[in-house]
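Sharing a structure, written as structure tokens. Questions coming.
Read-outs throughout are calculated quantities, based only on the coordinates presented, and are distinct from any laboratory measurement. Treat the numbers as computed from the prediction; the structure is a model and nothing was measured. We place every Cβ from the backbone using ideal geometry, glycine too, and count neighbours over all the protein chains shown.
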Amino acid sequence: MDPALQERIEAAVFRRLLAHLDSRKDVQNIELMNLAGFCRNCLGKWYAEAAREIGVAISDEEARERIYGMPYAEWKRLYQKEATPEQQKKFESSKPR
């Protein structure tokens, strides 16, 4: 496959992933971490790292805003729920050592 075409497809998939996550604000980050080992915050970190790798200056907060579609503090206030003891226990037990 042509690398430019592959990059266009991958970019479209990423946009679709962001749209999907935006439509599922009920899914908490801790649930994503417990099931998949990454969450919206991870995506934000990866976004910022990728930008810096190609010489684009972007803060972690700006990257998070791209992932969340709004400032992270606002998303937390509107959508983040307190993790249950069970979620916290699973999260702690699944962390890489």
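In this structure, does Glu61 turn out to be assigned to a helix (DSSP H, G or I), of a type in the set (Asp, Glu) and exposed (fewer than 11 other Cβ atoms within 10 Å of the Cβ)?
no
Just to be sure, is Ala51 outside any helix (DSSP H, G or I), surrounded by 12 or more Cβ atoms within 10 Å (Cβ to Cβ) and small (Gly, Ala, Ser)?
no
Does any residue of segment 8-23 turn out to be over 11 Å from the mean Cα position of the chain (by Cα) and touching a residue at least 12 places away in the same chain (Cβ under 8 Å)?
Checked against the condition, which is being over 11 Å from the mean Cα position of the chain (by Cα) and touching a residue at least 12 places away in the same chain (Cβ under 8 Å), segment 8-23 yields no hits at all.
Find all pairs meeting these conditions: Cβ atoms under 7 angstrom apart; at least six residues apart or on different chains; first residue within segment 71-97 and farther than 15 Å from Phe38 by Cα and in contact (Cβ under 8 Å) with a residue 40 or more places away in the chain; second residue part of a loop (DSSP other than H, G, I, E, B) and not acidic (Asp, Glu).
Between residues of segment 71-97 that are farther than 15 Å from Phe38 by Cα and in contact (Cβ under 8 Å) with a residue 40 or more places away in the chain and residues that are part of a loop (DSSP other than H, G, I, E, B) and not acidic (Asp, Glu), the close pairs are Tyr79/Lys25; Gln80/Gln28; Lys81/Gln28.
Filter segment 31-70 down to the residues that are in contact (Cβ under 8 Å) with a residue 12 or more places away in the chain and at positive phi and list them by number.
Once the filter is applied, which keeps residues that are in contact (Cβ under 8 Å) with a residue 12 or more places away in the chain and at positive phi, segment 31-70 yields Gly37, Gly69.
Still on this structure: So if I check each of Phe91, Phe38, which one is assigned to a loop (DSSP other than H, G, I, E, B), touching a helix residue (DSSP H, G or I) at 6+ places or on another chain (Cβ under 8 Å) and not basic (Lys, Arg)?
Phe38
Please enumerate the residues belonging to segment 10-37 that are aliphatic (A, V, I, L, M), surrounded by fewer than 11 Cβ atoms within 10 Å (Cβ to Cβ) and more than 22 Å from Ser94 (Cα to Cα). Steps first, please.
Taking segment 10-37 and keeping what is aliphatic (A, V, I, L, M), we get 11-13, 17-19, 21, 27, 30, 32-33, 35-36.
So of that shortlist, the ones also surrounded by fewer than 11 Cβ atoms within 10 Å (Cβ to Cβ) come out as 11-13, 36.
Matches in segment 10-37: Ala11, Ala12, Val13.
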